[in-house]
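> Okay, here's the structure, questions in a sec.
Just so it is clear, none of the values below were taken in a lab; they were calculated from the coordinates. For clarity, every value in this text was computed on a predicted model and none was experimentally measured. Here the Cβ positions follow ideal geometry from the backbone for every residue, glycine too, while neighbour counts run over all protein chains shown.
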Amino acid sequence: MNRAAAARGLRPGLALADARAILPDLHCCAADAAAEAATLANIADWCRRFTPLAALDAPDGAMLDITGAAHLFGGEAKLCEEIEARLEAQGFAARTAIAATPEAAWALARFGEARVMPEEASEEDLRRHLGALPLAALRLDEKMLAELAQAGLRRIGDLILRPRAPLAARFGKQLFVRLDALLGHAKTPITPRFEAPAYLAERRFAEPIVQRETIEATILGLARELSLLLARHGEGARQLDVSLFGVDGRVRHLRAGTSRPLRDPAVIARLFREKIEAAGNIDERDPLDAGFGFDLVRLSAEETERRDEEQAHWLALDHAAIGRNRPVADNVIDSKSMERAYCEKPASTFSQRALTAQDDLADLVDRLGARLGLRRVLRLDLADTHWPEFAVAAVPLYDHRSPHPEEPSKGRRLEGRGRPNGQACEDALHPSRRPLRGLLRMRATASGERELSPRPIRLLEKPEPIEAIASVPDGPPVRFRWRRVLHEVAAIEGPERIAPEWWKHDALTRDYFRAEDAEGRRFWLFREGLYETGTARPRWFLHGLFA
Amino acid sequence: MAGEPLRLRQTLPHGSDLAERLSLLRREMAGIAAAAPPAGAAQAHVPLGAAGLDRLLAGGLATAALHEITAAAPGDAPAAAGFALAMAARLAAPRNAPLVWIGEDFAGREQGALYGPGLALHGIDPARLVLVHTANAKDALWAMEEALKCRTPAAVIGEIFSAKLYDLTASRRLVLAAQKHGTTGLICLAGPVCAEALSSSAETRFEIRARPSAQLASAGGRTPLPGPAAFDVRLAKARAGPAGFFPDREKFHPVLWSHREVLFRDALSLPLAAVAGDGPDQPPRRRRA
């Protein structure tokens, strides 16, 4: 209900007919609950500019944990004013209140006279302030409120003074749970929409920024600040987030995952440049949909991992320090020399070269992932089955949501499966040879000492049905037609019989053949089902292509 | 290069039609542009193993360069991909370096996805392969350029279905990235493309045709068994070849790929026992049979 409506005498809960009677030219439309919820979620997100811990308080509020944040805005009263003024500029009417507990803040925002409950308020003050509020401030349901009203209890003060046991017996325990929460005797947490990031750096602008170059430069600057924070704690970021807070209340998030703990500012900035570039594919001119511009840019490390300083960097640090005739004191990390250390990695010794090589490829993987999407940068992962299409799967090279390294793998897994993806990624990147065990197993199971069963280099997504003619019903094909082209079989090897696992009942046994046609093209064919026991009319499929 | 005047390496034939002369000029220009010495890394040649091919390539496959692989006919696309993978395996073999395969989604749907066990039998360690799938050719070319800026992979293989976007500019970008960072790019044009009409600044262009393998007689005199992978390779373009132009341009060279040695071999017209022994899957006892 906006102010204009309130001024004309409307109030919530009024029947539409009555409202029409008061205001004949009232414009009405149906409430859109989903849109309202989305707007509220937007507002809650936007509130993260004041504190990282912002929770949605449906249906009509947002709850911020401003512990230790208020002084940044000139005190609690100033913060209240700023929030209200900014929301009003966006066209919302808001009431804010600050108190020691979420319940008290909720009550004050809706029913209170005073807006800010001083932090050092005595128990006495608290009771006086809150006691004056109506019982509705306890978030009780209508029915209980009515019952309480019948008992002559209308204000919170009425409850505080009375003995608890009889009231609890009559109205239930909920009443006093709420009261204790209100008065701060019991602590209730808020559930923020996003977890507070481990590290963050932000920059506020008096004039909103619109241009992409400015935003990218800002991100680079923030990345430098963030990398210092991370370096001080010996950590690197695995998951990064850039929040762009628009003047119009919209918040734009850019997220980037990394394949290894990362703290190199240039690399971080490049990741987000790829992100913006990818967004630019949708809208070339205004990739970020800046609108009226952003007045707060925040870079946060959402997930971090321990990252130890490598020897190469230490050397480079040393060089940088010597070069400028300045000793590097312990525990003091100088931003200039850090940056130089990152920028000029001397690749003089072997270990350094190996190190940079690994970083090099990980950088590439991150960059491709940022632009194309994490699900498009893959590695081959062997599964514990001999059924051809499931024997190997392309899985994302890294996924920050992968199970944690310490988590024990369930059941019998092949190498490359139970391990975290970070490790697997390292496998792909690290020079030491680690053959996949599944392949070796294949070598062992085939008959003969060095025999390998033929496998195509490319496997079709689904086996494609072919028309094949065989000289004998269960023999190899003589000719077959695939994609409307007839192939005469010139050489053939097989069958290699692959039966489904015994617990699968719907799949049929396959007889695989490696066939070469007259032109020298090689194919992997199979006949599905065995004669007599399997099916009456076996079908032929083409499954893969050889080089 | 700096002082001496530029000379055309080929003379324009008189009386040829305009389109032909234009394409010749365009190719010549690409040659001049790419002839500048690479800034970063020195070129090396990795011998492929097949003597005939190595001679044409002046010692082997040039690193820090871009090579194109096309299929002679649409049905030869798997052979072209196999040849590209074999060359990549050859490049990766000395230091077991990782490989990057960048494939367009459409090409993957058409020809199938790379299959790990099959790659292992082709001489490639699947654990050291980074696969990148892109939605279109534009992304694939971008990803290839990015990957070529990274020194670690032994080779970057790009499979592009629609060659429309792969033009002089696009190839030039890839060549520059490869030269500057000393990396090797293999671009596999999976779609229908005419090797002669293509104008690009790549170092070499291979046209691949599937070749009947050195078949082995099967027991009982029935249909023979297929042998190891074999290709017919035509060098449609070689910048480093003798005078940039070479006599047997039209000739297909038969080669075998031996995945155990990670080496190409000249395929002989008659299968030899030694050659057949290199096969991926023929146990000795079956050969004697």
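> Please compute, for peptide A:361-374, the average count of beta-carbon atoms on other protein chains lying within 10 Å of each residue's beta-carbon.
Mean shielding by partner chains, rounded to a whole number: 5.
> Take A:Glu467 and A:Cys28, extend 7 Å from each Cα along the Cα→Cβ direction, and tell me the distance between the two endpoints in nm.
The answer from the label model is 6.9 nm.
> Once the convex hull of the alpha carbons of segment A:12-109 is built, what does its volume come to per residue, in cubic angstrom?
With only Cα atoms used, segment A:12-109 gives 124 Å³ per residue.
> Given that compact globular proteins tend to follow 2.2 N^0.38 Å, what is the ratio of the alpha-carbon Rg of segment A:458-545 to that value?
1.05
> Another question, if that's okay. Within 14 Å, Cβ to Cβ, of B:Gln43, how many net charges do the neighbouring residues add up to if Lys/Arg are +1 and Asp/Glu are -1?
+1
> Further, regarding this structure: Over segment A:33-183, what is the mean sequence separation of C-alpha contacts under 8 Å (at least six apart), divided by residue count, expressed as relative contact order in percent?
About 15 percent, as a whole number.
> A further question on this structure: Within the set of other residues whose C-beta is less than 15 Å from the C-beta of B:Ser162, count the net charge using Lys and Arg as +1 and Asp and Glu as -1.
-4
> Which entries in A:Lys187/A:Lys275; A:Lys78/A:Lys173; A:Lys143/A:Lys187; A:Lys78/A:Lys187 show an alpha-carbon gap greater than 30 Å?
A:Lys187/A:Lys275; A:Lys78/A:Lys173
> Can you give the Rg to Rh ratio of segment A:1-63, both from alpha-carbon atoms, with Rh computed by the Kirkwood formula?
1.12
> Oh, and also: Calculate how large, on average over all directions, the projected area of the Cα convex hull of segment A:33-183 is; give the answer in nm² to one decimal.
Convex hull of Cα atoms, orientation-averaged projection: 9.8 nm².
> Taking other Cβ within 10 Å of each residue's Cβ, how do A:Tyr199, B:Tyr166 sort, fewest first?
Placing the least packed residue first, the sequence is A:Tyr199, B:Tyr166.
> Test of understanding: ordering A:Glu147, A:Glu103 by Cβ neighbours within 10 Å, fewest first, what list do you get?
A:Glu147, A:Glu103
> With 10 angstrom as the radius, rank A:Val489, B:Val233, A:Val478 by how many other C-beta atoms surround their C-beta, starting from the fewest.
A:Val478, A:Val489, B:Val233
> Could you tell me the largest-minus-smallest coordinate of the C-alpha atoms of segment A:199-310 on each of the three principal axes, in descending order and whole angstroms?
Principal-axis extents of the Cα atoms in segment A:199-310, largest first: 42, 30, 19 Å.
> Okay, next question. Please report the net charge: other residues with Cβ closer than 15 Å to the Cβ of B:Gln111, K and R +1, D and E -1.
-1
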